[in-house]
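Let me begin by presenting the structure, written as structure tokens, before commenting on it.
Every number here is computed from the coordinates shown, using simple stated rules; none is lab data. Bear in mind that the values here come from a model prediction, so they are computed numbers and not experimental data. Cβ atoms come from the backbone with ideal geometry, glycine included; neighbour counts cover every protein chain shown.
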Amino acid sequence: MKRVVVFEAHGDDMEFLAGGTIAKFCALGHEVTVVVATDNDKGSFELSAAEMRAVRDKEINGAAAVLGVKRVIPLGYSDGDLAWQTRPEQLRCQFMRIIRQVKADIVFSWDPFTPYENHPDHRAVAMAACEAASFAHFPLYHPELLAEGLEPHYVGEQWYFAKSPRDQNKFVDIDGYIEKKIDALCQHDAQMVLTIADMQHHLRASGLDVPWLVSLDPHDYREPIGMRMKAAAQAVARHAGLDCQYAEGFRRTRFGGIESLVKDQTIPEDV
Ligand SMILES: [Zn+2]
């Protein structure tokens with residue numbers, strides 16, 4: 001059994017890009033913890049920030065239950081403001097504390113090194129997660145953690161997802177988990193309404209004609225979200241040349257690249 005920690009900025013980040021893979025880890029008996037940095041409290045055209053904060057727990061816990069996630073840790077920062085509500089080293093320390101508490105074997109997060117990432121929360125979480133996972137076994141980093149009784153802990157694998165992925169080297173067959181991924185996304189009701197409404201903003205401004213989208217009630221998101229998730233997962237499976245219908249892709253580093261020292265040995269795969 002491996003202990004997996006997902007660091008994400010918003011409740012639905014992981015579900016969009018790694019939900020099938022996380023569902024698979026859970027189904028195979030691995031223990032998953034999801035850390036949600038912000039309250040999603042700017043993610044609506046309809047609800048107030050306070051109303052968004054009020055639905056956050058229900059949505060993130062609902063999605064976790066669908067996927068089989070064992071533990072959700074909300075950090076409570078404000079959506080869009082993470083990078084200036086906390087300094088980078090504070091966020092890194094907070095993430096390292098969780099890694100040492102949970103004794104994470106595998107960390108998932110946004111990829112800090114892909115281009116065109118427009119969301120400051122994604123960029124902040126990505127870099128803090130990457131640094132925390134890389135140095136959690138260094139005893140002299142953040143000595144306050146040792147003082148708290150949290151011993152250095154080695155993280156073997158880092159799995160990164162991205163909107164504009166580069167250098168992906170690990171693809172996961174999610175044929176048995178695509179419906180769970182969609183079900184988990186739909187637990188994030190406010191965020192799915194926002195996703196459709198935002199697409200409609202782009203469509204209206206573009207002057208293009210997409211009849212099903214322009215006339216869609218954003219609250220009827222389930223079918224279009226499911227369609228888009230399936231199309232994206234099919235494209236990944238095709239690109240990876242996998243013998244499956246649906247897949248998710250990651251840039252993964254394992255054990256600091258130590259595999260390059262050997263020719264005739266391989267590290268077993270968990271999923
Ligand atoms: Zn996000």
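Just a few scattered comments:
- Residue match in the range 208-230 (condition: in contact with a helix residue (DSSP H, G or I) (Cβ under 9 Å, 6 or more places away or on another chain), small (Gly, Ala, Ser) and within 16 Å of Tyr246 (Cα to Cα)): yes
- Residue match in the range 247-267 (condition: in contact with a strand residue (DSSP E or B) (Cβ under 6 Å, 6 or more places away or on another chain), crowded, with 16+ Cβ neighbours inside 10 Å, among the small types (Gly, Ala, Ser) and farther than 24 Å from Thr195 by Cβ): no
- The residues on offer are Phe113, Phe171, and the sole one that is among the aromatic types (Phe, Trp, Tyr), in contact with a helix residue (DSSP H, G or I) (Cβ under 7 Å, 6 or more places away or on another chain) and more than 16 Å from the ligand (Cβ to nearest atom) is Phe171.
- Evaluation of Gln234 against the conditions (1) within 25 Å of the chain's Cα centre (by Cα); (2) farther than 25 Å from Ala162 by Cβ; (3) surrounded by 12 or more Cβ atoms within 10 Å (Cβ to Cβ) shows that the sole unmet condition is (2).
- Qualifying residue in the range 13-30 (condition: in a strand (DSSP E or B), within 16 Å of the ligand (Cβ to nearest atom) and not basic (Lys, Arg)): no
- All strands (runs of 3 or more DSSP E) inside the range 61-167 with 2 or more residues being under 17 Å from Val36 (Cβ atoms): 71-77, 106-110
- Filtered by the rule that a residue be closer than 23 Å to Ile267 by Cα and either free of Cβ contacts under 8 Å to residues at least 40 places away in the same chain or small (Gly, Ala, Ser) (or both), the range 136-182 gives Ala136, His137, Tyr154, Gly156.
- One residue stands out among those in the range 115-140 that are crowded, with 19+ Cβ neighbours inside 10 Å and not aliphatic (A, V, I, L, M): the one that is nearest to the chain's Cα centre (by Cα), which is His122.
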